[in-house]
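The values are calculated or read from the model by the stated rules, or taken from the named source; none is laboratory data. Fair warning: this is a prediction, and the values are worked out from it, not measured in the lab. Glycine gets a Cβ as well: all are built from the backbone with ideal geometry, and neighbour counts include every protein chain shown. Calculation scope for accessible area: heavy atoms of the full protein, side chains included, ligands and nucleic acids excluded. Shrake-Rupley method; radii C 1.70, N 1.55, O 1.52, S 1.80 Å.
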Amino acid sequence: MASLEEIRAERLKKLELLKERGMNPYPIATKRSLSVASALSTFAKLSRDNKKITLVGRVMAIRGQGALVFFNLQDEDATIQGFLKRDEMDEKLFSLFQDAIDIGDFVECTGTLFMTKRKERTIHVKEWKILSKSLRPLPDKWHGLQDVEERFRKRYLDLLMSEDVRARFKLRSKIITEIRKFLNDADYMEVETPILQSLAGGALAEPFKTHHNALDIDLNLRIAPELYLKKLLVGGFPRVYEIGRNFRNEGIDMTHNPEFTMLEFYASYETCASQMEFVEKLVKTLVKNVHKSAKLKSGEDTIDFSKKFAVASFLDLFKRYASIESPEAMSRGDWRLASERFGVKVEAHDSIEKIMDNVYKKACRPKMIQPTFIINYPAGFSPFAKKQERDPSLIDRFQLVIAGIEVVNAFSELNDPLEQKARYEEQDKKKKGGEGDVSPSDEDYLEAIEYGLPPAGGVGIGIDRIAMILSDTRNIREVVLFPTMSPEQE
């Protein structure tokens, strides 16, 4: 079997052959008259009228010797058979196709449509020209890219060789389109906020750091757009949303990529409870419009979106799934012992809330397959959520878990600037104690809300995770076109 270097050297020779025979291997324009899909959908009329058309696409297979050549021409998602006959076209063009065209090349074909004896819809090519000469061979069409890491590194080949992969990313695009429509119809305004921020706030995560040369200042890639979006509420926009990239300097696993896509939306005068109803409607609408059914597969399970979403108290989950009977009464030492039972690592600087959350993620969350809202979180779980009026030991927050994956985080926004300052001071103490993923004091945000932040309900939804659920995939890298990867080893 020829090596990649040998194949590339042979294709370079064919590139020179095209030039020698007067054909530009990379022309600017093409005279395509319609797509392959359009040609196939109107095949009966075009073939009956014997109308000459021009199709373009990538050569995906070549068959035949001597006076006849058959090939497959793929354009976007449609493929048609091409046919060349030596005595029915220019002899030099026929020979050049045989001598210079490889699988992977883009060509323009002009001719008429006909049906072969084997009922194969075909374009009888009378003229052709090359549009782009490929210098590297495509993966084997029957097996595609077998190495998973290679699939993610070379997504363009993964897309080219797999209809399922292309369909998955079309579905992702459809998800975002439907979300935008839903929010726009609910009178939300789409906005854009800074990605480069002097202080990374709005979430509990470590940021990526960079430096701006002209201003000579250090900046962070945002970990969340939250604080800027709430400033817009202060400024008089009552309903805002943003779909964009966030960046968190954290580990990589099945549900985490260092850069990811989030939807965040905020509405003045809404609450955690009203936004919970809104989120359920959004998710059900999304499933209906994208999946066309209220039930979908998730591994060996079936998720039913037709029913009212379940609601569970955070602390009750430990009793139900982890055999921890009194989680509200446990000390940090007790939680450390519990974490050992579930194989959860505890760092010396980890707060009791972080240990609880890690135990929950290991012992409880994977067992919740049907859509479930989690409510009644202890107060230390978010520096930006209001405390419940009936029980100040809890915050007015919910998360939505589907198929064991957290897809939504939301709460009634804290708009008391004095309490927000006190919460920030608690976060600063944690940071001094060694905990890296905290939200540090932001004096600019505190000043903004001192002008008056209206009561509001805020929601964050992980677009990648929604795409995972609706495409029945268990790895976030399957729904991110170009996931973060370590450098390829020689």
| note | Of (1) modelled with pLDDT under 95; (2) assigned to a loop (DSSP other than H, G, I, E, B); (3) open to solvent by 20 Å² or more (accessible area, probe 1.4 Å), Lys431 satisfies every one except (2)
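The rows are residues; the columns are (1) within 34 Å of the chain's Cα centre (by Cα); (2) within 25 Å of Arg136 (Cα to Cα); (3) of a type in the set (Phe, Trp, Tyr).
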site: Leu15; (1), (2), (3): no, yes, no
site: Gly22; (1), (2), (3): no, yes, no
site: Thr30; (1), (2), (3): yes, yes, no
site: Thr42; (1), (2), (3): no, no, no
| task | Could you figure out which of (1) at negative phi; (2) in contact with a Lys or Arg (Cβ under 9 Å, 6 or more places away or on another chain); (3) open to solvent by 10 Å² or more (accessible area, probe 1.4 Å) isn't true of Glu425? | result | (2)
| query | at pLDDT 95 or above, more than 27 Å from Arg341 (Cβ to Cβ) and open to solvent by less than 10 Å² (accessible area, probe 1.4 Å), is that true of Pro417? | reply | no
| note | If you go through Ser306, Ser293, the only one that is under 20 Å from Lys181 (Cβ atoms), assigned to a loop (DSSP other than H, G, I, E, B) and among the small types (Gly, Ala, Ser) is Ser293
| message | Where the second residue is assigned to a helix (DSSP H, G or I) and open to solvent by 90 Å² or more (accessible area, probe 1.4 Å) and the first is within 11 Å of Leu131 (Cα to Cα) and modelled with pLDDT of 95 or more and lies in segment 1-29, which pairs have Cβ atoms under 9 Å and are six or more apart or on separate chains? | response | Pro25/Lys19
| field | Enumeration of residues in segment 402-422 that are in contact with a Lys or Arg (Cβ under 6 Å, 6 or more places away or on another chain), part of a strand (DSSP E or B) and of a type in the set (A, V, I, L, M, F, W, C) | value | Ile405, Val407, Phe411
| query | Only one of Asp102, Asp75, Asp87 is buried (at least 17 other Cβ atoms within 10 Å of the Cβ), at pLDDT below 95 and of a type in the set (D, E, K, R); which? | reply | Asp75
| Quick check: anything in segment 219-238 assigned to a loop (DSSP other than H, G, I, E, B), under 29 Å from Phe305 (Cβ atoms) and of a type in the set (A, V, I, L, M)? | yes
| Are any residues in segment 179-205 open to solvent by less than 30 Å² (accessible area, probe 1.4 Å), among the aliphatic types (A, V, I, L, M) and not in a loop (DSSP other than H, G, I, E, B), and if so, which ones? | Ile179, Leu183
| request: For residues that are open to solvent by less than 60 Å² (accessible area, probe 1.4 Å), over 20 Å from Leu400 (Cβ atoms) and in a helix (DSSP H, G or I), tally how many sit in segment 323-358. | output: 8
| said: Restricting to segment 373-394, name every residue that is part of a strand (DSSP E or B), on the phi < 0 side of the Ramachandran plot and within 30 Å of the chain's Cα centre (by Cα). | reply: Phe373, Ile374, Ile375, Tyr377, Ala385
| Extreme residue, surrounded by the most Cβ atoms within 10 Å (Cβ to Cβ), among residues of segment 270-305 that are more than 27 Å from Phe411 (Cβ to Cβ) and touching a strand residue (DSSP E or B) at 6+ places or on another chain (Cβ under 7 Å) | Leu296
| said: If a residue must be in a loop (DSSP other than H, G, I, E, B) and at negative phi, how many such residues does segment 439-456 contain? | reply: 8
| remark: Within segment 155-178, the residues that are over 12 Å from Leu481 (Cα atoms), at pLDDT 95 or above, among the charged types (D, E, K, R) and surrounded by fewer than 17 Cβ atoms within 10 Å (Cβ to Cβ) are Lys174
| query | Within the set of pairs 6 or more residues apart or between chains, which connect a residue that is in contact (Cβ under 8 Å) with a residue 24 or more places away in the chain inside segment 54-68 to a residue that is of a type in the set (Phe, Trp, Tyr) and surrounded by 14 or more Cβ atoms within 10 Å (Cβ to Cβ) with Cβ atoms less than 6 Å apart? | reply | Arg58/Phe106; Val59/Phe71; Ile62/Phe71
| task | Would you be able to tell me the number of residues in segment 128-154 that are charged (D, E, K, R), surrounded by 15 or more Cβ atoms within 10 Å (Cβ to Cβ) and at pLDDT 95 or above? | result | 2
